[in-house]
Amino acid sequence: MSPQIVFGLGVLMIGGAWLSFEYVLAKWYPRYRFDEQTAALNLLPYQNTRLGIRMEVAACIYGHVQDFPGGVKIYRSGIFSSGPTLTITSEPNPGQSDQFSPQLLANWETWGDLHDIPEYRYDPSPIEGRNAAMIWQGQGPGLLITAHIISPAYIVRADCSTGGSDISLYKQACEESLRAIMVAGPPTVRASPSGPLRLEPVGR
């Protein structure tokens, strides 16, 4: 076989391999990535009567469950870097108030500016009918997202760390998991649009 023929066959083989590689990148990988992310964000039920919580946890976080006094740690180990971690602590509410104090909310709101914390963001929106606040802040290469939730029976803090890989995916997983926390206790008292107070049940 002449060198020209060998060279030509080599060019054809390399070209065919390259076309196959491009096909995988353009057709197969986006679909694979979409299915992987969909599965990762699938919410799985979790309940802990000791802490007074019921929630749904993203599948990419829900791996190992480790109980400790006053709390629980839910995490999935990464292969080449730290994976996402959800740590929840709960304590009885001695004052039985269903609202965080305005001073505490103001402290959370200004904490990032006072201490120059990167990527700090504060959102005092309710979570599952309870008075709550969520805080985002930089943590190494990733993010730490914290939810503070109060009911007349419990005061709950949930810290969700994205870890150092696939931060965008794990950020969404943390946010959806934290916003699904339901805290046990008597109904929260709220003011209706017309002014008088009314009781609202908690849950979906």
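The numbers here are math on the coordinates, done by the rules we state, and not lab data. Source: prediction; values computed, not measured. Every residue, glycine among them, receives a Cβ derived from its backbone with ideal geometry; neighbour counts consider all protein chains shown.
Take E91, E128, E176 and order them by how many other Cβ atoms sit within 10 Å, fewest up front. Provide the component values of the computation, followed by the final result.
On the way: E91 13, E128 19, E176 16.
Neighbour counts put them in this order, fewest first: E91, E176, E128.
Given +1 on the Cβ of Lys and Arg, -1 on the Cβ of Asp and Glu, and no further charges, what dipole in debye does region 44-200 carry about its Cα centre, rounded to the nearest 20?
Numbers: 11 positive and 15 negative charges, 79 e Å.
With Lys and Arg at +1 and Asp and Glu at -1, about 380 debye.
Order by neighbour count: T110, T146, fewest other Cβ atoms within 10 Å first, most last. If you can, show how the numbers build up before the last one.
Working: T110 12, T146 18.
Least to most surrounded, the residues fall as T110, T146.
Give the order of C160, C60 when sorted by the count of other beta carbons within 10 angstrom, beginning with the fewest.
Least crowded to most crowded, the residues run C60, C160.
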